[in-house]
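The values are calculated or read from the model by the stated rules, or taken from the named source; none is laboratory data. As the structure is a computational prediction, the values presented were derived from the model and not from experiment. Cβ placement follows ideal geometry from the backbone for every residue including glycine, while neighbour counts extend to all protein chains displayed. Each accessible area value is taken on the protein alone, full model and side chains, heavy atoms only, with ligands, DNA and RNA left out. Shrake-Rupley method; radii C 1.70, N 1.55, O 1.52, S 1.80 Å.
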Amino acid sequence: MMHIYIVGGAVRDSLLGLAVKDRDHVVVGATPDQMLALGFKPVGKDFPVFLHPETHEEYALARTERKTAPGYQVFTFHADADVTLEQDLARRDLTINAIARAADGSLTDPFGGRADLRARVFRHVSDAFVEDPVRILRVARFAARFTEFTVAPQTAALMRAMVQAGEVDALVPERVWQELARGLMERQPSRMFHVLHDCGALLHILPELDALWAPPETVDSSASSSSAASIAASVDLAARMGYGLAIRFSVLGLAQGQGQGQGDSIGLAQALCTRLRVPNECRDLALMCAREQSAVGDALNLSPDAMVALLMRCDAFRKPQRFIDMLCAQQCAQAGRLQNQADIEFAWPPQALLSGALHAAQAVRAGELARLYTQSPERIPEAIYAARVGAVAEYRDAFFHDYDG
């Protein structure tokens, strides 16, 4: 007889009193032919997954799985009408994700997931956890979302053993980026990096960042704070401000290895982008942030001509939002270096000055200027540039008048 249960994150989040975004279902006691006869559409390649004909939610046949080789894409699956709900739940990663809700609202919780929800603990379901290195990334990502939860000691030990066994080395960059990107968009992204560092995985997947994640006692005494604390404060501020993925990722590239001798931000940003094969939007912003870090930081000392040159270097007239995003990332990085998490509206004069300079330069009507030089079009770029410098100079004078006042 066929039974349908809601499983995984939907049950977990409802028990935590959180909004449920997506619902996954597991179907026990059914065959693929029965699902097709009911109008479900097959979408699974490795195992039977179907879309509901009306809601289009996913319904997967109950299944078991067995690892056949090192890595994370080498599993064989058994999905049949004889697979029980408990067997299906046993293959899941964490106890809090191994709870099922029946149509009548009753819960099936064979591994103590509700108790771990109350205790705010991430605990593995079984030793089969070690078979999939992606689960390390998932635990770290969950830590960034559920900030009151901690990793159970036994689970932390399994994660370290997986790293030592080389399982993490089998992860491809695209899979790592997928999980890291999701973690960066959570409530407190720094917790993801703390978990990855503590189990040793960060050294394997992001060695450039791990090198900065040294405990405070190893940091040069001349440094005002540890690099890890600086990065954590920066990326968490970006999250609190509600910034997008490109800004949050760029903050990592702006991290400075205080007392670590790790080179400049450009090298770190390039290494992160190459290693993770990040999308162009994130890569372009991160590299621009790193390249212009000194210029932005020294904005109060820049001449109007230098400001316009900076705007042009950053292609700010064609892509003004990207320039504003760069300033936001720089502001978060600066706040992180100062560990200024108390004030979410951390005021940073270079950000205000340069964003205002952009608006002033944008106000120059290039088309009208061009019409004045129809007889000598070669002078148009110079005239527009000069007008923009003049507009920025006027704005800069007004800014410093208010700033000094």
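Using the beta-carbon distance between Ala102 and Phe47 and R0 = 22 Å, what value does 1/(1 + (r/R0)^6) give for FRET efficiency, to the nearest 0.05? With R0 = 22 Å, the Cβ-Cβ based efficiency is 0.50. Extending 7 Å from Cα along the Cβ direction at Thr84 and again at Ser355 yields two label points whose distance is 5.9 nm. Hey, for a label at Met185 modelled as a point 7 Å past Cα toward Cβ, could you say which residues of the stretch 228-257 have their backbone N under 20 Å away? It comes to 235-253, nothing else. Potential lengthening of the chain between Met1 and Arg114 amounts to 37.9 nm, from the contour at 0.36 nm per residue minus the alpha-carbon distance.
Placing +1 on the Cβ of every Lys and Arg and -1 on the Cβ of every Asp and Glu, with no other charges, gives the chain a dipole of roughly 260 debye about its Cα centre.
How high is the relative contact order of the stretch 96-232, given as a whole-number percent (alpha carbon pairs under 8 Å, six or more residues apart)?
Working: 152 pairs, mean separation 28.3, N = 137.
It rounds to 21 percent for the stretch 96-232.
Remark: accessible surface ordering of Thr95, Thr374 (largest first) is Thr374, Thr95, probe radius 1.4 Å.
Counting only C-alpha contacts under 8 Å and six or more residues apart, can you give the relative contact order of the stretch 267-375 as a whole percent?
29
Most tightly packed first, judged by the mean number of other beta-carbon atoms within 10 Å of their residues, the peptides 23-29, 103-109, 146-152 read 23-29, 146-152, 103-109.
In the chain, Cα pairs under 8 Å separated by at least six residues give a relative contact order of 10 percent.
With a length cut of 15 Å (Cα positions projected on each helix's long axis) and a Kyte-Doolittle mean of at least 0.5, go through the chain and give me the DSSP H helices that pass.
134-145, 227-240, 265-276
Gain on full extension, evaluated as 0.36 nm per residue between Ala157 and Asp402 minus their Cα-Cα distance, stands at 82.5 nm. The distance between label points at Asp198 and Ser294 comes to 3.9 nm (points 7 Å beyond Cα on the Cα→Cβ vector).
With all protein chains in place and ligands, DNA and RNA left out, the 1.4 Å accessible area ranks Glu292, Glu208, Glu281 as Glu281, Glu208, Glu292, largest first.
Rounded, prolate or oblate, given the Cα gyration tensor of the chain, with a/c below 1.5 counting as rounded? Here the chain falls in the prolate category.
Given R0 = 51 Å, the distance between the Cβ atoms of Thr374 and Arg175 translates into a calculated FRET efficiency of 0.35.
Could you sort Asp402, Asp132, Asp298 by accessible area so the largest value comes first, with the probe set to 1.4 Å?
From most exposed to least exposed: Asp402, Asp298, Asp132.
As a calculated quantity, the FRET efficiency between Asp127 and Leu338 at R0 = 45 Å, using C-beta atoms, amounts to about 0.50. Our estimate of slack between Asp305 and Glu382, defined as 0.36 nm per intervening residue step minus the Cα-Cα distance, is 26.5 nm.
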